[in-house]
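Report on the following structure.
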Amino acid sequence: MEQLKIKLANIDRIELIGGTVRRTAQQVFDSLTNKPDYLLNAGMYDTKSGLTVCDTIVNGVLLNGGNYTDKGFAWDDHNIEPENTAAAKARGYKFFLGGSPSLLWDGVTNIDSKGFDNYFVSKAKSFRIGLGVNDKELIICFPTVKQTLPAFAGMMAAAGCRYAINLDGGGSTRVMQNVNGKLRQLSSNKENRANSTWLAIYLKKAGGDKVKKKVCIDAGHGGTDPGAVGPNGTKEKDVALQIALLARDALQRCGIEVVMTRNSDIKNGRLVIAERCKIANEAGVDYLVSIHANADSDRDDKTGYGTETWAYSKKSAGYSLAQAVQKELVAVNGLTDRGVKIKEWAILKGTKAPAILVETAFINNTQEEKLLTDAAFQKLTAEAIAKGIVQHCGLAWVPEPAQQYNLKVIAIDGSETLCQIEQENRNGTIWAPVRQIAEVLGCKVGYDADEKCVVINR
């Protein structure tokens with residue numbers, strides 16, 4: 001065996017251990033109350049002090065930095081994603097592990113020579129361990145023969161990595177598996193050196209308590225911040241909230257725990273981006289989804305059209321979520337597919353969890369403004385957003401039971417009449433045509449031209 005592939009959906013948590021004291025794999029394993037499924041050494045150390053020399057954040061503390069590449073992986077207890085040291089610090093990640101050096105970045109070979117001489121980078125052969133990711137897998141490579149860094153980068157690419165870093169090379173190389181409470185070595189290196197930094201990987205246990213997915217739904221704007229306003233006075237804050245509440249219901253139906261940044265309009269003031277990010281970060285969510293209505297002006301008539309979804313960057317873990325949500329939205333809403341776009345929006349940059357921003361439709365386009373106030377369109381949009389999230393989490397989508405009616409008429413004798421009528425959601429209030437309701441009640445509907453009013457005869 002030269003590689004290990006683990007589905008990201010099967011990982012419970014990943015922990016970076018140590019960074020200050022050199023210990024063998026067995027010593028680390030014995031010290032842990034909860035035993036990991038895999039344990040591997042995580043980077044090089046100074047032979048004199050024993051301290052890690054790679055950029056490393058353990059439990060929120062930067063143990064070292066600046067010696068080698070700033071590229072690596074950042075995460076909390078989960079959601080591992082490629083980042084650089086500065087971004088990992090700025091976004092408050094619990095863990096960060098820099099490469100020694102990096103190998104692949106966004107699918108391209110990227111061997112960072114900072115801190116290494118040319119011989120080490122291009123010619124030196126050694127037993128190596130590489131850590132990589134793609135959209136669905138965590139990949140660990142540990143060749144049975146010594147490799148140069150360029151050859152090892154090619155091996156990581158062939159294994160399916162989109163991003164990859166070298167962890168170590170030499171006598172410390174160790175990939176260990178927990179087999180019935182005892183460590184079994186998977187890598188071929190025979191030496192057993194102590195190391196100062198170790199990576200522990202915990203998998204979800206079959207038949208045990210599964211970690212419930214937690215998603216933050218952010219209804220954009222609110223309070224004194226109405227967001228964009230349509231030609232007919234529709235406020236972005238209102239339609240965003242209605243869609244957000246419906247998305248919450250759909251996610252909960254599928255077994256996902258939901259944290260809301262707001263459940264209603266804000267009575268006083270507004271909810272700034274930093275406060276929204278804080279809600280998500282303190283809740284420890286797996287993802288954040290911010291819901292909005294668009295109002296760009298990218299056409300000659302000054303009205304945009306269509307649906308788009310934003311992610312922090314193509315290398316962020318939120319990008320694949322944005323793709324999944326965008327795919328579900330355009331499959332059902334009939335609007336122009338504007339695709340997945342990239343920008344460092346504050347709401348996407350300020351959250352530890354992967355985050356996306358959904359622009360459902362254009363509120364300054366009169367046709368799409370009307371759709372945004374329609375209860376059926378709001379429902380369809382919310383269900384599509386939720387379905388994209390659920391499927392991206394690797395969970396089963398549970399459709400809402402088919403609704404057979406949306407109007408119930410109860411007679412004096414208690415008998416019921418059930419039927420479907422048109423309805424429109426205007427800023428949280430459901431509106432329906434008078435004629436349809438009157439006819440259900442057995443009335444005749446007319447119009448008095450002199451009085452300029454609707455007349456109902458019963």
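The values are calculated or read from the model by the stated rules, or taken from the named source; none is laboratory data. Predicted, not measured: the structure shown is a model, and the values here were computed from it. Neighbour counts are summed over all protein chains in view; Cβ atoms, including those assigned to glycine, are modelled from backbone coordinates with ideal geometry.
Only residues that are in contact (Cβ under 8 Å) with a residue 40 or more places away in the chain and either in contact with an Asp or Glu (Cβ under 6 Å, 6 or more places away or on another chain) or among the β-branched types (Val, Ile, Thr) (or both) were counted in region 146-170, giving 1.
For region 309-326, which positions are in contact with a Gly (Cβ under 6 Å, 6 or more places away or on another chain) and either without any contact (Cβ under 8 Å) to a residue 24 or more places away in the chain or closer than 14 Å to Ser290 by Cα (or both)?
Hits for region 309-326 are Ala311, Tyr312, Val325.
The helices (runs of 4 or more DSSP H) falling completely within region 324-417 that include 3 or more residues that are in contact with a helix residue (DSSP H, G or I) (Cβ under 8 Å, 6 or more places away or on another chain) and of a type in the set (S, T, N, Q) map to 375-392.
Is it the case that some residue within region 363-380 is aliphatic (A, V, I, L, M), over 30 Å from Ile273 (Cβ atoms) and within 27 Å of the chain's Cα centre (by Cα)?
Yes, that holds for at least one residue.
The residue that is modelled with the lowest pLDDT, counting only those in region 250-280 that are of a type in the set (Lys, Arg) and crowded, with 16+ Cβ neighbours inside 10 Å, is Arg253. Among the candidates Gly318, Gly394, Gly388, which residue alone is at positive phi and either crowded, with 18+ Cβ neighbours inside 10 Å or among the small types (Gly, Ala, Ser) (or both)? Only one candidate qualifies: Gly394.
When Trp431 is tested against (1) farther than 29 Å from Ala280 by Cα; (2) outside the structural domain of Ala311 (by TED's automatic domain parsing); (3) surrounded by 15 or more Cβ atoms within 10 Å (Cβ to Cβ), only condition (3) is not met. Restricting attention to region 145-157, the residues that are farther than 18 Å from Lys123 by Cα and either outside the structural domain of Ser126 (by TED's automatic domain parsing) or at pLDDT below 95 (or both) add up to 0. Inside region 231-285, residues that are touching a Lys or Arg at 6+ places or on another chain (Cβ under 7 Å), polar (S, T, N, Q) and more than 21 Å from Ala317 (Cβ to Cβ) make up a count of 0. Among the residues of region 59-79, those that are crowded, with 18+ Cβ neighbours inside 10 Å and more than 17 Å from Gly43 (Cα to Cα) comprise Asp76, Asn79.
Suppose the filter is assigned to a helix (DSSP H, G or I) and under 26 Å from Pro354 (Cβ atoms); does Val239 pass it?
Numbers: assigned to a helix (DSSP H, G or I): yes; under 26 Å from Pro354 (Cβ atoms): yes.
So Val239 passes the test.
If you go through region 105-122 and pick out every residue that is modelled with pLDDT under 90 and not aliphatic (A, V, I, L, M), you end up with 10.
Of everything in region 25-36, what is surrounded by fewer than 18 Cβ atoms within 10 Å (Cβ to Cβ) and in contact with a strand residue (DSSP E or B) (Cβ under 8 Å, 6 or more places away or on another chain)? Give them in sequence order.
Gln26, Ser31, Leu32, Asn34, Lys35 - these are the residues of region 25-36 that are surrounded by fewer than 18 Cβ atoms within 10 Å (Cβ to Cβ) and in contact with a strand residue (DSSP E or B) (Cβ under 8 Å, 6 or more places away or on another chain).
Only one of Phe120, Phe116 is closer than 20 Å to Thr52 by Cβ, aromatic (Phe, Trp, Tyr) and assigned to a helix (DSSP H, G or I); which?
Sole residue among the options that is closer than 20 Å to Thr52 by Cβ, aromatic (Phe, Trp, Tyr) and assigned to a helix (DSSP H, G or I): Phe120.
If you filter region 30-75 down to residues that are of a type in the set (Asp, Glu) and touching a helix residue (DSSP H, G or I) at 6+ places or on another chain (Cβ under 9 Å), you find that the one that is nearest to Leu199 (Cα to Cα) is Asp55. All but one of (1) in the same structural domain as Val58 (by TED's automatic domain parsing); (2) at pLDDT 95 or above hold for Ala219; state the number of the condition that does not hold. Unmet for Ala219, out of (1) in the same structural domain as Val58 (by TED's automatic domain parsing); (2) at pLDDT 95 or above: (1). Within region 348-407, track down each residue that is acidic (Asp, Glu) and outside the structural domain of Leu321 (by TED's automatic domain parsing). Glu400 - this is the single residue of region 348-407 that is acidic (Asp, Glu) and outside the structural domain of Leu321 (by TED's automatic domain parsing). Screening region 179-216 for residues that are small (Gly, Ala, Ser) and part of a loop (DSSP other than H, G, I, E, B) and picking the one that is modelled with the lowest pLDDT gives Gly208.
Please tell me if Asp135 is assigned by TED's automatic domain parsing to the domain that holds Asp70, acidic (Asp, Glu), at pLDDT below 90 and closer than 24 Å to Asn67 by Cα. Criteria not met by Asp135. Residues that are in contact (Cβ under 8 Å) with a residue 24 or more places away in the chain and farther than 22 Å from Cys161 by Cβ number at least 1 in the following strands (runs of 3 or more DSSP E) confined to region 19-110: 56-58, 61-64. The residues of region 115-146 include none that are more than 27 Å from the chain's Cα centre (by Cα) and under 30 Å from Ala346 (Cβ atoms).
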